[in-house]
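The values are calculated or read from the model by the stated rules, or taken from the named source; none is laboratory data. As the structure is a computational prediction, the values presented were derived from the model and not from experiment. Glycine gets a Cβ as well: all are built from the backbone with ideal geometry, and neighbour counts include every protein chain shown. These accessible areas exclude ligands, DNA and RNA; they are computed on the full protein's heavy atoms, side chains included. Shrake-Rupley method; radii C 1.70, N 1.55, O 1.52, S 1.80 Å.
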Amino acid sequence: MKMAARVLWGSLSLLRLVWCLLPQTGYVHPDEFFQSPEVMAEDVLGIEAARPWEFHPSSPCRTVVFPLLTSGSAFWLLRLWEEWGAWPGPVSGYVLLVGPRLLLTALSFALDMAVYHLAPRWGAERWNALVLLSGSYVTLVFYTRTFSNAIEGLLFAWLLVLVSPRAAWTPIPMKPAPGPWWQSWLLGGIVAAGFFNRPTFLAFALVPLFLWGTYGATNSSLKSLTKEALVLLPGATLTAAVFVAVDSWYFSSPSRSSTLVLTPANFLHYNLDPVNLARHGTHMRLTHLAVNGFLLFGVLHAQALQAAWQQLQACLQAFAPTGFPRMLGARSLRSCSRSHLLLLYFMPLALLSAFSHQEARFLIPLLVPLVLLCSPQSQLVPHKGTLVLFNALGALFFGCLHQGGLLPGLGHLEQVVHTPMLPQVPTHYTLLFTHTYMPPRHLLHLPGLGSPVEVVDMGGTEDRVLCQVLNSFIRQPACQVAGGPWLCRLFVVIPGTARPTVKKCSFPLKNETLIFPHLTLEDPPALSSLLSGAWRDLLSLHILELGEKPDNMTGSPLSKIQP
């Protein structure tokens, strides 16, 4: 059995690497690009990008340290290879996409190392836990991309590794031997780094640090816990100083006086305002527990809920005859590895549920304690068929289908704008995206200054507004149709479900490219239409090249459009 599990883990690990290189076409969330590679591509490679507001010197809410270490280092290597001539030809959008992802994929194996060390200490079967980890679509999709949540999950996993010698349950309680001085420094450094990456890291670190501080102590008084916490102070202070120094240097500008930049403080100031959170979407407080846990982990989340219910019943049974003080003193309830793992899983989930904005990816760090909880040494992993089907569907949906035409569409447009039809004639390109996620512009590999390409993100605009904007672009003074010297080409990128919107605008169609598959949940296709012969068009991203309107059509069509 162990040999079979090792072979399966090796196969899934190879799949993780190969799927990164293919690459995955699914577009999970704009933060994958706009909190790391989009910013670093502009800084390191000097190519055109859309810098999000969090990385402007006037409103620095995100530390730049981890983007520099991940996407920044990947792009720096690409720039060196290009300058030395080691890279064959110019860097393509494919390389700009896969480079940072490949680095995160390599870092994701730190999760496997962490589970390998943690499993024996927490009563889990090592290779079953590793198979659950590597077979989860959360690992295959989320941990191979440049999400700050993936960095948070890696730091949380290794925080558990460091605290486990003291926090993990042992049959006989004993005073832990003092570790080397650098261990407490490293532990403090991880806590500080996780806080600067995402202040929500404290929700994940609370239980591990509490167990680490209270294990083997003479009492659980505030004085004793404070004494243990002070051991972490040197490492945390040194790490925080490095982050503040780097952020202050990065966000400094000639127009601003030199000041210290505390990005976590700005992050908390923004996100603790309910009005700001409402701009990103508000959710019910039980969304993480009732929806996101099942969406990410499926049957594993159900097993955790069942184990929590059984533990609660055991506590109530102990409370009935003995009362609350003796129930707390029952070592079988408070010190077994199962109860600790339940705390490691449900306490962060409960703390994150206190905020009204709840996205599923916020929970991906909980994968490590969950696979440890669901792979006990004394039992086989249940529901194997359900697990395989669930993770296959999750990987297919988030890794391929969800907004899956946008990244290949950018690759197609990259070839279009870099290979003009008439090289001797200056050409201006307008790329208009509507009813899609924000397009990461760095994948077009455009020069930072003087680019003849204009990228317009219209979001989910109304029909009338879209037609007005299209009309203004086709009639701009620089275009030949308006008497200008430039050949102007207008492309509209739109999902198949919104394709009729462009038809209402009455622009002649020059060319149309379909990229399959592409599923947008903002404009989902009706089930009845999927059963018709047009299902492929509806599940595709359409790249339309539009021509200018005839003169007799420019004055009146807008009045015919129904809003």
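Taking 20 °C and 1.002 mPa s as conditions, the chain diffuses translationally at an estimated 82 µm²/s according to Stokes-Einstein applied to its Kirkwood radius (Cα pairs). Measuring r between the beta carbons of V7 and K503 and using R0 = 41 Å, the FRET efficiency lands at 0.15. If every alpha-carbon in the stretch 336-423 counts as one equal scatterer, what log10 I(q)/I(0) does Debye give at q = 0.17, 0.21, 0.22 1/Å? Normalising to I(0) and taking log10 leaves -0.94, -1.12, -1.15. No disulfide-compatible partner, judged by a Cβ distance under 4.7 Å, exists for the following cysteines of the chain: C20, C61, C315, C336, C374, C400. Each label point was placed 7 Å from the Cα along the Cα-to-Cβ direction; for L206 and Q476 their separation is 5.1 nm.
Just to be sure I follow the rule: in the chain, considering lysines 8 or more places apart or on different chains, how many pairs have Cα atoms under 14 Å apart? Show your work: numbers first, answer last.
On the way: K503/K549; K503/K560; K504/K549; K504/K560; K510/K549.
The number of close lysine pairs in the chain is 5.
Taking the 1.4 Å solvent-accessible surface of the chain as the whole, the part contributed by carbon and sulfur is 67%.
Could you provide, to the nearest whole Å², the per residue accessible area of the stretch 1-99 with probe 1.4 Å?
Values: 4420 Å² over 99 residues.
Spelled out: the 1.4 Å probe surface of the stretch 1-99, per residue, equals 45 Å².
Applying 0.36 nm per residue to the separation of V465 and H269 and subtracting their alpha-carbon distance, the gain on full extension is 67.1 nm.
Other residues with beta-carbon under 15 Å from the beta-carbon of E152 carry, at +1 per Lys or Arg and -1 per Asp or Glu, a net charge of +1. All distinct Cα pairs of the stretch 1-40 go into the 1/r average, and the inverse of that average, the Kirkwood radius, is 12.4 Å. Full extension of the segment from S356 to H280, taken as 0.36 nm per residue of separation minus the current Cα-Cα distance, would add 26.4 nm.
Of all beta bridges DSSP finds with both residues in the chain, what is the antiparallel percent, to the nearest 5? Mind showing how you got there, number by number?
Numbers: 14 of 29 bridges.
In the chain, DSSP labels about 50 percent of beta bridges as antiparallel.
For the stretch 405-546, the alpha carbon convex hull comes to 111 Å³ per residue, rounded to a whole number. Would you be so kind as to identify which of P37, A307, Y429 lies farthest towards the positive end of the dipole of the chain, taking Lys and Arg as +1 and Asp and Glu as -1 on Cβ and the Cα centre as origin? Sorting the options by dipole projection puts first A307. Each Lys and Arg contributes +1 and each Asp and Glu -1, all at the Cβ; summed about the Cα centre of the chain, the dipole is approximately 1800 debye. Among the helices of the chain, those built from whole DSSP H runs whose Cα atoms reach 30 Å or more along their own axis and whose mean Kyte-Doolittle hydropathy is at least 1.0 are 93-121.
Rounded to the nearest 500 deg cm²/dmol, what is the calculated helix-only ellipticity per residue at 222 nm for the chain, with -39500 (n - 2.57) per DSSP H run of length n ≥ 4?
-15500 deg cm²/dmol
Once the piece of chain linking Y94 and T427 is laid out straight, how much longer is it, given 0.36 nm per residue of separation minus the C-alpha distance between them? Please report the intermediate quantities before stating the final value.
Working: separation 333, 0.36 × 333 = 119.88 nm, distance 2.40 nm.
Extra length available between Y94 and T427 comes to 117.5 nm.
Here the stretch 405-546 is treated with +1 on each Lys and Arg Cβ and -1 on each Asp and Glu Cβ, and its dipole about the Cα centre works out to around 280 debye. What FRET efficiency do you get for L527 and V18 if R0 is 35 Å and r is their Cβ-Cβ distance, rounded to the nearest 0.05? E between L527 and V18, to the nearest 0.05, is 0.55. Put a dot 7 Å past the Cα of L107, heading toward its Cβ, do the same for S59, and the two dots end up 2.5 nm apart.
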